[in-house]
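Okay, so here's the structure we're looking at.
The values are calculated or read from the model by the stated rules, or taken from the named source; none is laboratory data. A quick note: this is a predicted structure, and the numbers were derived from the prediction, not measured. Cβ: placed from backbone, ideal geometry, glycine included. Neighbour counts: every protein chain shown. When the accessible area is computed, the model is the full protein with side chains, heavy atoms only, and any ligands, DNA or RNA have been set aside. Shrake-Rupley method; radii C 1.70, N 1.55, O 1.52, S 1.80 Å.
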Amino acid sequence: MSNYHPLTEQEAIEIARSIAGVFGPEGELGCREIGDGNLNLVFHVSQASTGSGLIVKQALPYAKVVGESWPLSLDRARIESEALIIEERLAPSLVPKVYHSDNELALTVMEDLSSHVIMRQGLIAGGVYPLFAEHISDFLAKTLFFTSDLGMNQQEKKQLAGSFVNPDLCKITEDLIFDHPYTNADTNSFDPHLQADAENLWADQELHLEVALLREKFLTHAQALLHGDLHTGSIFVTEQSTKVIDPEFAYFGPMGFDIGAVIANLLLHYASQEHWSADEAYRQERRQYLLATIRDIWNGFERKFRALWNEHGVDRIAKTAGYQEDYVSRLLQDTAGFAGAKIVRRIVGLAHVADIDKIPDADVRARAQRLALAIGTTLIKRNRRIASIEDIIDIADSAARL
């Protein structure tokens, strides 16, 4: 792109100032780069005199975590802004509003969420979010149903899927989640005390078979438009509000991948309570809260997804008796398997989670890591036998009791 260049803070201010109706006519605008992710520049532009703000997000042509040796397509910025617009239409109030996008500069200008906290950070600080399960199940049910063959015209879906071909970022997922953790790959990153655990992963052929089947689904099952990276670092929360951000990995894939990603990150935080809970009583309380949230997410999703299907289903043959039951059953199994794969990669793969990585004591961190691996590998191995959400909860609860 001939005019593409990484923005300066002053340029971000000028772009934000051009958005009508946000900032007052008086008062200077301030700007700081707040991106802590791996792929983008993120500028927070604010006006102290009014308290108003905007986020200006720009894609970089490489993975920031690695550098220019890992090039990436800038088209992901278009994909992100278009995904956010679709998600806002289908699940109003659950994503930030998009004010402006520029495909040439690979940027999106969106709502400032400074009143919220990143959910991962909030959980680490002991936050409780009573409406989160209701909100995220609503987001999942509506965005997945209405972009599937169940909820939209199939030919229109095929055309829409063509706008979300996302090979660069899908390749990251394909490698870092469904391949590299199961072999001695250069991208893997783990504490030395996990060497034997990693080698067990690399040698476990039963595990590899299930991962291969999950990978096949990720590669071929274009069920719905996914967020593609729905972890607790991509969700902003308050006690009353939930906002899903950063859908730059969006593509048409298996629904269980998004649902599983949310559950995986709650289970990673569950494992991290080896450190973040001050005593055993609080640890049990905190873990029960997390398991209850997981239960409520799946049950809420299933209830809402079935209701949308019954009321808005567009496919006559999909209303055949027994088909919905089979479909939802397979969705739960996919959710379990993908959740397991997301957990494993966060322990031995390239990108970890602060919930566990910030545990200062190596022995305590090792306990949390091994608990996470036990939960993740069991979810993967048993995914095709999961019959209810209680099976997933029992796997986590049983692993924590060992």
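Close contacts from region 351-369, counting a first residue that is within 21 Å of ALA341 (Cβ to Cβ) and a second that is in a loop (DSSP other than H, G, I, E, B) and modelled with pLDDT under 95, with Cβ to Cβ under 9 Å and a gap of 6+ residues or different chains, come to ALA351/ASN38; ALA351/VAL65. When the residues of region 111-137 are filtered to those that are part of a helix (DSSP H, G or I) and among the charged types (D, E, K, R), the one that is nearest to GLU311 (Cα to Cα) is GLU134.
Here is a yes/no grid of residues against (1) farther than 22 Å from THR377 by Cα; (2) of a type in the set (S, T, N, Q); (3) open to solvent by 20 Å² or more (accessible area, probe 1.4 Å); (4) touching a residue at least 24 places away in the same chain (Cβ under 8 Å):
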{"residue": "LEU267", "(1), (2), (3), (4)": "no, no, no, yes"}
{"residue": "TYR282", "(1), (2), (3), (4)": "yes, no, yes, no"}
{"residue": "LEU291", "(1), (2), (3), (4)": "no, no, no, yes"}
{"residue": "LEU308", "(1), (2), (3), (4)": "yes, no, yes, yes"}
{"residue": "VAL314", "(1), (2), (3), (4)": "yes, no, yes, yes"}
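Checking each residue in region 282-293 for being over 22 Å from PRO360 (Cβ atoms) and not hydroxyl-bearing (Ser, Thr, Tyr) picks out GLN284, GLU285, GLN288, LEU291, ALA292. Across region 316-352, the qualifying residues are those that are among the aromatic types (Phe, Trp, Tyr) and more than 20 Å from the chain's Cα centre (by Cα), and the one among them that is surrounded by the fewest Cβ atoms within 10 Å (Cβ to Cβ) is TYR323. For the condition in contact (Cβ under 8 Å) with a residue 60 or more places away in the chain and touching a helix residue (DSSP H, G or I) at 6+ places or on another chain (Cβ under 6 Å), LEU90 does not qualify. Let me spell it out: the conditions are (1) open to solvent by 70 Å² or more (accessible area, probe 1.4 Å); (2) at pLDDT 95 or above, and SER69 meets all of them except one. Which number is the exception? The single condition SER69 does not satisfy is (2). Just a yes or no: is a residue in region 185-199 closer than 30 Å to THR50 by Cα, aliphatic (A, V, I, L, M) and out of contact with any Asp or Glu (no Cβ under 6 Å at 6 or more places or on another chain)? The answer is no; no qualifying residue exists.
Step by step: first the residues of region 157-186, then only those that are surrounded by 15 or more Cβ atoms within 10 Å (Cβ to Cβ) and outside any helix (DSSP H, G or I), then the one that is farthest from the chain's Cα centre (by Cα). Which residue is that? Lay out the reasoning, then the answer.
In the first step, residues of region 157-186 are kept if they are surrounded by 15 or more Cβ atoms within 10 Å (Cβ to Cβ); the result is 157, 160-161, 163-164, 166, 168-170, 172-182, 185.
Now drop any that are not outside any helix (DSSP H, G or I), which leaves 163-164, 166, 177-179, 185.
Values: SER163: 20, PHE164: 17, ASN166: 16, ILE177: 13, PHE178: 16, ASP179: 19, ALA185: 23 Å.
It comes out as ALA185.
Number of residues in region 367-402 that are among the small types (Gly, Ala, Ser), closer than 21 Å to LEU123 by Cβ and more than 22 Å from the chain's Cα centre (by Cα) equals 2. Among the residues making up region 91-110, those that are crowded, with 18+ Cβ neighbours inside 10 Å and assigned to a strand (DSSP E or B) are VAL98, TYR99, SER101, LEU107, THR108, VAL109, MET110.
Would you mind stating whether LEU150 is open to solvent by 20 Å² or more (accessible area, probe 1.4 Å), more than 19 Å from the chain's Cα centre (by Cα) and hydrophobic (A, V, I, L, M, F, W, C)? Reasoning before the result, please.
On the way: open to solvent by 20 Å² or more (accessible area, probe 1.4 Å): no; more than 19 Å from the chain's Cα centre (by Cα): yes; hydrophobic (A, V, I, L, M, F, W, C): yes.
So LEU150 does not fit the description; no.
Among the conditions (1) open to solvent by less than 40 Å² (accessible area, probe 1.4 Å); (2) over 16 Å from the mean Cα position of the chain (by Cα); (3) not basic (Lys, Arg), ASP355 misses just one, which is (2). Do we find that LEU140 is closer than 30 Å to HIS44 by Cβ, of a type in the set (A, V, I, L, M, F, W, C) and in a helix (DSSP H, G or I) in this structure? Considered against the rule, which asks whether it is closer than 30 Å to HIS44 by Cβ, of a type in the set (A, V, I, L, M, F, W, C) and in a helix (DSSP H, G or I), LEU140 comes out as yes.
Number of residues in region 8-63 that are in a loop (DSSP other than H, G, I, E, B), open to solvent by less than 30 Å² (accessible area, probe 1.4 Å) and farther than 20 Å from VAL98 by Cα: the value is 0. Scanning region 331-375 for residues that are of a type in the set (Gly, Ala, Ser) and under 27 Å from LYS304 (Cα atoms) yields ALA336, GLY337, ALA339, GLY340, ALA341.
Test SER46 against the criterion of being touching a residue at least 40 places away in the same chain (Cβ under 8 Å) and under 13 Å from SER114 (Cβ atoms), and give yes or no.
Working: touching a residue at least 40 places away in the same chain (Cβ under 8 Å): yes; under 13 Å from SER114 (Cβ atoms): yes.
For SER46, the condition - touching a residue at least 40 places away in the same chain (Cβ under 8 Å) and under 13 Å from SER114 (Cβ atoms) - is met.
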